[in-house]
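Comments concern the structure below.
Read-outs throughout are calculated quantities, based only on the coordinates presented, and are distinct from any laboratory measurement. Keep in mind the model is a prediction, meaning the values are calculated, not measured. Cβ sites come from the backbone with ideal geometry, for glycine too, and all protein chains shown count toward neighbours.
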Amino acid sequence: MKIKLNGNDLELTDDQAKEIAEKYGAKKEVKTVGIAIRSVWGSLLFQSSKTTLVDAIREANLSGANLREANLSGADLSEADLSEADLSGANLSGADLSGANLREANLSGADLSEADLSGANLREANLSGADLPDLYKAKFHGTGGQTKIKKSQLDDFLKKLGVVAED
């Protein structure tokens, strides 16, 4: 190993360089290989050794993560664990959320237009004010009709689901 010291070239063996580094407390630089998933504010949510974003997201447990107002448009979040995550106001338009666990997630005000939610677990998720324009082939599993709405609200409810009642 060649180094310059006070303008002079010095040649050191690897053992000599290691001995000097240890003696004077030099630290070896450590590089993390993989993908870091950070919040919109820069805090580390998950560090993965995976080399592709898709693999890192599938490996990540983003349960309870604060992803409020995150731009995840077109993201592949298939099979991701986003249970109890705060996705309020997030842009999830065109995102692949197939098979994702969104149980108890806060999706209020989120843009879910053209998102693939096939097989996603949305049990107890907050979808108030969410943009869900395409519910084609959606299956709703209720708790036996315990939620009540007034007859005067029925037409608006059906319109939100894309259903128009005819006589």
field: Proximal charge balance of Leu158 [Cβ under 12 Å; K/R count +1, D/E count -1]
entry: 0
Label-point separation, Ala36 to Asp55 (7 Å along Cα→Cβ), nm: 2.0 nm
- prompt: Where Lys and Arg each count +1 and Asp and Glu each count -1, what net charge lies around Gly64 among other residues with Cβ under 15 Å from its Cβ?
  reply: -3
- prompt: According to a simple spin-label model (label point 7 Å from Cα along Cα-to-Cβ), what is the distance in nm between Thr13 and Val164?
  reply: 8.8 nm
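Could you line up Ser63, Ser49 from fewest to most neighbouring Cβ atoms inside 10 Å?
Starting with the residue having the fewest Cβ neighbours, the order is Ser49, Ser63.
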- line: Once amide hydrogens are built 1.01 Å from N within the peptide plane, the residues lying 5 or more places from Asp76 or on another chain with amide H under 5 Å from its amide H are Asp96
- prompt: Between Ser98 and Asn71, how many nm apart are label points set 7 Å from Cα along the C-beta direction?
  reply: 2.6 nm
